[in-house]
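The values are calculated or read from the model by the stated rules, or taken from the named source; none is laboratory data. Given the structure is predicted, the values throughout are model-derived calculations rather than measurements. No Cβ is skipped: glycine too gets one built from the backbone with ideal geometry, and neighbour counts run over all protein chains shown. Ligands, DNA and RNA are excluded from the accessible area calculation, which covers all protein heavy atoms including side chains. Shrake-Rupley method; radii C 1.70, N 1.55, O 1.52, S 1.80 Å.
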Amino acid sequence: MSHAESPTPRLAMQVPLLDLKSQYANLRAEILPAIERVLEGQQLINGPEVREFEAAIAKYTESSAAIGVASGTDALVCALMALDIGAGDEVITSPYTFFATAGSIWRVGAKPVFVDIDPATFNIDPALIAAAITPQTKALMPVHLFGQMADMDPIMAIAQEHKLHVIEDAAQAIGCTYKGRQAGSIGTVGCFSFFPSKNLGGAGDGGLMTTQDAKLAERLLMFRNHGMNPKYYHAYVGGNFRLDTIQAAYLHVKLHHLDAWSAKRRTNAKLYDQLLAEVDVTTPVIAPHNVSIYNQYVIRSSRRDELKSHLTERTIGNEIYYPVCLHEQACFKPLGYKRGDFPHSEQAADQTLALPVYPELSEQQITYVADAIREFCGR
């Protein structure tokens with residue numbers, strides 16, 4: 001019997017959206033000694049493990065420098081501060097992303113200006129950016145959503161023409177590539193998150209900034225530590241954005257496994273693509289020049305909410321990223337946007353659903369998920 005004809009499995013199967021306990025169990029023998037070394041050394045703030053991790057990430061992302069910070073949100077805020085973006089300035093970004101993207105712009109006193117997405121990739125549509133540029137525009141903040149990079153060549157061309165900074169929101173994108181180039185290596189600054197659910201997830205919050213500009217790297221280092229250099233001498237008002245030493249040690253262990261995990265996510269995504277090929281849902285579209293890390297595997301359905309309930313009833317983990325676009329959030333009402341301003345983003349918010357895609361998934365679990373979707377669509 002073919003997959004297309006197979007019935008829904010008789011026995012329910014637990015398929016969580018993410019299984020960090022399995023990942024930790026596999027790495028426990030590596031992680032605990034690394035953390036113990038930090039505790040024995042008691043250099044808990046800016047210890048050597050932070051510098052070692054930063055050097056490893058700079059090499060991995062093919063960047064000149066990497067600066068660890070306390071979260072992905074702090075990476076965005078610190079980058080904006082170091083680039084002197086604040087009150088009266090505008091930053092162009094996507095309305096279909098996690099809140100921190102626009103929230104960081106708002107927090108430094110600047111204005112988020114939204115541009116709609118490409119409905120195929122969910123990333124910002126470069127063709128719409130130029131029309132949104134004003135004399136107040138200081139930067140572009142493309143988001144590499146769901147582990148696939150935005151179309152960076154036209155974005156960089158627009159930035160160069162208008163003398164704008166480019167801040168890559170690469171929170172979901174570590175290890176993915178665009179025309180062979182790593183996320184975080186192309187723009188003025190790349191900003192990463194190590195939230196535990198990310199492909200490279202910490203034991204709590206963590207983040208990092210990358211850059212090819214040595215002078216900017218020095219500013220980023222200062223801004224992450226109260227604008228201070230040397231100690232007690234403050235050229236700027238920065239923040240306490242430091243990455244904990246324990247987090248750096250934990251993440252450095254996991255970094256060695258990241259490529260294998262990303263490859264397994266691509267294998268899982270390919271199986272989903274095959275099993276759902278003739279089902280009434282839209283599977284992820286990856287641009288030919290991109291290699292995705294599938295931070296999420298996101299499908300579309302015109303009956304998304306019903307499908308979500310169906311999967312939940314069958315003990316299949318799922319999540320909506322993101323049910324409310326940023327231009328419709330109550331806190332951004334002063335920006336003056338309204339429903340209908342960004343139809344592709346709004347449709348994505350109404351139709352998308354993320355399925356389990358983590359590396360430890362079995363083929364049996366993926367088949368169970370696909371069969372449950374097929375059952376729903378066959379009604």
Legend entry - Karplus (6.51, -1.76, 1.60) ³J(HN,Hα), θ = phi - 60°, over the stretch 295-304, in Hz, Gly and Pro reported as x: 4, 9, 10, 10, 9, 10, 8, 5, 10, 3
Legend entry - Per-residue ³J(HN,Hα) for the stretch 22-29, Karplus 6.51 cos²θ - 1.76 cosθ + 1.60, θ = phi - 60°, Hz, x for Gly and Pro: 5, 4, 5, 4, 6, 10, 3, 5
Inset, instruction - Report in % the part of the accessible area of the chain that belongs to carbon and sulfur, leaving out ligands and nucleic acids; probe 1.4 Å. - result: 53 percent
Legend entry - Cβ crowding within 10 Å averaged over residues, with 118-124, 372-378 ranked highest first: 118-124, 372-378
Legend entry - Amide proton proximity set for N46, modelled H, under 5 Å, gap of 5+: T245
Inset, instruction - Evaluate E = 1/(1 + (r/R0)^6) for H256 and H234, where r is the Cβ-Cβ distance and R0 equals 30 Å; express this FRET efficiency to the nearest 0.05. - result: 0.20
Inset, instruction - Report the calculated FRET efficiency for E306 and T267 (r = Cβ-Cβ distance, R0 = 25 Å), to the nearest 0.05. - result: 0.30
Legend entry - Normalised convex hull volume, the stretch 213-351, alpha-carbon set, Å³ per residue: 232 Å³
Inset, instruction - Pull up all non-local amide H partners of G204: gap of 5 or more, or a different chain, and H-to-H distance under 5 Å with H placed in the peptide plane. - result: none
Inset, instruction - Take E30, E36, E90 and sort them by solvent-accessible surface of the protein heavy atoms, 1.4 Å probe, largest at the top. - result: E36, E30, E90
Legend entry - Most to least packed among 182-192, 349-359 [average Cβ atoms within 10 Å]: 182-192, 349-359
Inset, instruction - Classify the stretch 137-290 as rounded, prolate or oblate, taking a ≥ b ≥ c as the square roots of the eigenvalues of its Cα gyration tensor: rounded when a/c is under 1.5, otherwise prolate if a/b is larger than b/c and oblate if not. - result: oblate
Legend entry - Angle in degrees between helix 214-223 and the longest Cα principal axis of the chain, rounded to the nearest 10: 90 degrees
Inset, instruction - Let me see the pair-distance distribution of the stretch 37-160: every alpha carbon pair, 5 Å bin width, integer percents in order. - result: 2, 10, 17, 18, 19, 14, 9, 5, 4, 2, 1, 0
Inset, instruction - Tell me what the chain gives for mean residue ellipticity at 222 nm when only DSSP H runs of n ≥ 4 count, each as -39,500 (n - 2.57), the sum divided by the residue total, rounded to 500 deg cm²/dmol. - result: -11500 deg cm²/dmol
Legend entry - Förster radius 45 Å - calculated FRET efficiency between R379 and E36, Cβ distance, rounded to 0.05: 0.25
Inset, instruction - Using DSSP, restrict attention to beta bridges with both residues in the chain and report what percent are antiparallel, rounded to the nearest 5. - result: 60 percent
Legend entry - Per residue accessible area in Å² of the chain, where ligands, DNA and RNA are left out and the probe is 1.4 Å: 43 Å²
Inset, instruction - Give a residue-ordered list of calculated ³J(HN,Hα) values for the stretch 191-199 (Karplus: 6.51 cos²θ - 1.76 cosθ + 1.60, θ = phi - 60°; whole Hz; x for Gly, Pro). - result: 10, 10, 10, 10, 3, x, 7, 5, 4
Legend entry - Rg ratio (alpha-carbon, reference 2.2 N^0.38 Å) - the chain: 1.01
Inset, instruction - Determine the shape class of the stretch 36-89: with a ≥ b ≥ c the square roots of the Cα gyration tensor eigenvalues, call it rounded for a/c under 1.5, and otherwise prolate if a/b is greater than b/c, oblate otherwise. - result: oblate
